[in-house]
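Note sheet for the following structure.
Just so you know, all these numbers are worked out from the coordinates, no wet-lab data involved. What you see is a predicted model; the values in this text were computed from it and never measured. Positions of Cβ are backbone-derived with ideal geometry, glycine not excepted, and every protein chain shown enters the neighbour counts.
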Amino acid sequence: MARFAVRRLINMAFVLFAISVVTFLIFYVFPGTDTKAQVQRIAGRSSNDATRAQVKKDYGFDRPVYVQYARLVEKTANGSLVSYSNQTNVRDEIVRGIPATASLVIGAAVIWTFFGVLFGVLSAVYVGRWPDRVLTVLSMIGISLPVFWVGALLLYYLTDRIQLFPPGGYVRLTEDPWGWFTHLILPWFTLSILFIGFYSRLLRSNILDTINEDYVRTARAKGLSERRVLVRHVLRNALIPIVTLFGLDFGAAIGGGAILTESIFSLQGVGQYAAQSVGSLDLPPVMGTTLYAAFFIVLLSAVVDIAYAYLDPRIRLNA
Amino acid sequence: MAPEPSAEFAFEPSPALPGVAGTEGRPIEGIGPWQAAWRRLRRNRIAMASLVVFAAIVACCVAAPLWADQVAHVGPEENNLTGKFERGGKQLYVVTPPPQTKPVGPGWSGRYLLGADKNGRDEMVRLLYGGRNSLFVGFVSALITTVIAVVLGLAGGYFRGRTDLVVRTTFDVIWSFPVLLLGIALGTALAIGGLHLGPIDIQGGSLWIPTLVIGVIYVPYLGRPIRGQVLSLREKEFVEAAVAQGNGALRIMFGELLPNLASTILVFGTLIVANNILTEAALSFLGAGVQLPTPSWGNMIGEGVNLLSTAPHLTIVPGLAITLTVLALNVFGDGLRDALDPRAKVRLR
């Protein structure tokens with residue numbers, strides 16, 4: 001077990017290093033290595049000469065490439081990345097955005113898991129009959145909709161035209177729990193639609209695969225009720241890939257997948273911060289969000305893998 | 001693919017040809033897996049219908065210049081803030097002057113069939129040209145994804161060892177970034193500065209930037225399953241036979257293994273085009289994809305949402321176009337998988 005954990009952590013350290021190099025390449029090298037252009041990219045188009053001189057010195061643009069890389073790593077590690085167009089500290093802004101993003105993603109994850117599993121099971125139980133057909137069509141549409149478009153239309157028609165829900169924005173859970181809830185209902189559903197479609201389709205086909213297994217026949221032969229067979233024997237196994245997928249999707253949504261939903265509903269989360277910075281072509285926040293989010297996902301997946309290995313000896317012995 | 005004892009392979013007695021002797025005794029004609037798949041696909045009416053819908057959308061978008069020249073008489077990027085035009089015998093403002101500043105809505109006229117946007121540009125013309133750009137980005141990026149994923153997956157799975165380590169790490173690193181955020185980071189950095197890397201020299205506003213970005217970020221999503229498949233395929237007897245015959249690695253990878261991956265690539269490829277059209281829309285909506293004034297379905301929605309109260313058509317129409325296109329591709333991709341993967345038939349019964 002300890003050996004597995006150590007190996008997984010070494011691998012994680014390597015991936016973290018690779019991520020920082022890739023981010024460096026994306027923002028420093030790919031768009032061209034002309035010093036003046038580099039400085040302007042970081043400082044912003046409307047920056048003055050003093051800012052540019054400072055950026056040049058801070059980021060080491062007058063020094064060799066490896067110094068520039070080291071500076072970037074240093075700035076990310078000690079949280080001194082700053083946006084030069086509005087003078088805010090990137091790490092502080094991200095930390096400030098975490099409650100909104102977490103509220104959005106955790107709530108949405110509950111919704112998409114519930115409805116994904118419900119629809120998947122219904123579809124599989126009624127396979128070929130009308131509930132299955134209706135749900136298949138719905139999930140197909142669900143995975144084909146542009147999230148931001150649905151969000152924008154819901155926001156406009158359900159809050160502006162008929163005032164069913166309060167307009168966008170985030171209300172803190174600690175200040176006004178009911179306001180927090182009502183403000184998040186639409187964003188939760190908007191973010192969930194895509195995942196409900198994916199999960200119900202995947203679960204349906206997993207269940208239909210599992211149903212043909214020998215142990216299911218054995219369970220039926222033992223005289224167990226259909227319901228018990230479905231829940232205890234079929235669903236347990238059919239859910240395994242869903243659990244894996246859930247971990248991935250949850251991490252990805254926290255780490256940036258919620259950008260579109262957040263920016264449509266103006267929830268002051270990490271995603272909206274990134275989206276606004278993209279809109280004003282302000283690079284340091286985009287760079288910071290990307291790095292921190294990737295780090296978060298790598299850490300999370302290492303923890304999940306080690307937890308899995310602890311729970312399931314097959315994993316730690318095979319890997 | 002192993003021959004499958006289903007209805008397609010059963011002997012169907014052909015109608016006896018009058019005057020031709022011995023037709024009854026004709027041997028049963030063999031049918032290849034591709035032909036069998038095509039027959040299955042052809043019988044799936046929903047999949048074929050969505051193929052037709054998709055083909056129609058592509059045809060309309062390709063014919064965009066025709067509409068612009070012959071019917072609307074304006075290009076996709078021509079502003080018209082103060083002009084008027086004729087609809088139903090009346091002169092109408094393209095954009096009602098301030099204080100309202102309301103762009104004209106859809107109506108029955110060659111010009112401004114779908115109304116105008118906030119700059120007085122013809123929405124129908126932009127929809128068609130935008131579709132061309134969105135489809136271009138979707139298709140070409142899917143092609144890029146597929147080529148890179150296939151080459152890396154084949155190399156990693158076939159050579160194993162150190163090559164595989166490099167391939168796996170490449171996939172892992174790309175995979176570790178939240179995919180949309182990676183797209184945004186690349187899209188923004190390159191939209192500001194363009195891409196200048198050795199012989200490659202692309203300006204910031206080029207369509208190739210979102211195309212390349214989207215093409216690269218989805219590589220592991222296809223590369224991982226391909227690598228896995230190659231790992232198991234290379235242990236099969238036919239590979240051993242090819243090695244024994246003295247074939248080189250390249251020959252085995254592309255001549256023996258690749259044909260066995262074709263159905264996976266085809267199915268995933270279709271779904272990746274759909275997915276990439278959605279990603280393009282998302283990136284362009286945020287301003288990290290196709291750059292204005294070049295239209296794309298995503299940035300048209302991005303421009304439209306601010307005018308939802310006065311001109312909802314600017315948001316609804318391009319969104320419907322995206323949904324319809326992606327839905328058609330997804331449904332077709334599903335049908336394609338059912339046709340190519342006989343297991344799926346057992347599943348559905």
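Before moving on, here are some points about what is shown:
- Relative contact order of chain B, defined on C-alpha pairs under 8 angstrom at six or more residues apart (%): 20 percent
- Only Lys, Arg, Asp and Glu carry charge here, each on its Cβ (+1 for the first two, -1 for the last two); on that basis chain B has a dipole of about 460 debye about its Cα centre.
- Volume per residue for the range A:1-68 equals 96 cubic angstrom (convex hull of Cα atoms).
- Overall form of the range A:135-229 per C-alpha gyration tensor (a/c, 1.5; a/b vs b/c): prolate
- Of the two radii for the range A:260-319, the radius of gyration is 1.26 times the Kirkwood radius, both from the alpha carbons; that is the Rg over Rh value.
- In loop segments of the range A:42-101 as defined by DSSP, the trypsin sites (Lys or Arg not before Pro) with at most 16 further C-beta atoms inside 10 Å of their C-beta are A:R45.
- Residue order, fewest to most surrounding Cβ atoms within 10 angstrom, among A:F119, A:F114, B:F54, B:F136: A:F114, B:F136, B:F54, A:F119
- Contact order normalised by residue count of the range B:130-222, Cα under 8 Å, 6+ apart, percent: 42 percent
- Cα Rg, Dmax (largest Cα-Cα span) when computed across the range B:271-348, Å: 16.3, 52
- Cα gyration tensor shape of chain B, rounded if a/c is under 1.5, else prolate or oblate by comparing a/b with b/c: oblate
- Three-way shape label, chain A, alpha-carbon gyration tensor, a/c 1.5: oblate
- Subtracting the Cα-Cα distance of A:S80 and A:R63 from their residue separation scaled by 0.36 nm leaves 4.2 nm.
- Among the chymotrypsin sites (Phe, Trp or Tyr not before Pro) within the range A:206-258, not one is in coil by DSSP while having at most 13 neighbouring Cβ atoms inside 10 Å.
- Take each residue of peptide A:138-147, count the partner chain Cβ atoms within 10 Å of its Cβ, and average: the result is 6.
- Taking a straight Cα-Cα cut-off under 19 Å and skipping sequence neighbours fewer than 8 places away in the same chain, the aspartates and glutamates within cross-link reach of A:K222 are A:E213, A:D214.
- Those residues of the range A:112-139 whose amide nitrogen sits under 16 Å from the label point placed on A:R220, 7 Å along Cα→Cβ: A:124-128
- Simple spin-label estimate for A:I141 and B:V166 gives 4.9 nm between the two label positions (7 Å along the Cα-to-Cβ direction from each Cα).
- Neighbouring partner chain Cβ atoms per residue of B:166-177, average, 10 Å criterion: 5
- Exercise: per-residue mean of other protein chain Cβ atoms within 10 Å, A:24-31: 6
- Qualifying lysines (Cα of each under 27 Å from Cα of A:K36; at least 8 residues distant if same chain): A:K56, A:K57, A:K75
- Relative to the current alpha-carbon distance between B:N260 and B:N79, full extension at 0.36 nm per residue lengthens the span by 60.0 nm.
- Cα-based convex hull, the protein assembly as shown, per residue volume (Å³, whole number): 239 Å³
- The coefficient of translational diffusion for the range A:90-192, derived via Stokes-Einstein from the alpha carbon Kirkwood radius under 20 °C and 1.002 mPa s, stands at 138 µm²/s.
- Chain A: relative contact order as a whole-number percent, Cα under 8 Å and 6+ apart: 27 percent
- Simple spin-label estimate for A:Y310 and A:I162 gives 4.9 nm between the two label positions (7 Å along the Cα-to-Cβ direction from each Cα).
- Working from the Cα coordinates of the range B:125-198, the gyration tensor eigenvalues give, after taking √(5λ), semi-axes of 30, 17, 11 Å in decreasing order.
- With neighbours defined as other Cβ atoms within 10 Å of a residue's Cβ, the residues B:I46, A:I19, B:I202 order from fewest to most as B:I46, B:I202, A:I19.
- Legend: ranking of residues B:L222, A:L281 from fewest to most surrounding C-beta atoms inside 10 Å; resulting order A:L281, B:L222.
- The charge dipole of the protein assembly as shown, taken about its Cα centre with unit charges on the Cβ of Lys, Arg, Asp and Glu (plus for the first two, minus for the last two), comes to roughly 1060 debye.
- Compactness check for the range A:1-126: Cα Rg over 2.2 N^0.38 Å is 1.55.
- Contour minus Cα-Cα distance for A:L173 and A:L248 (0.36 nm per residue): 24.4 nm
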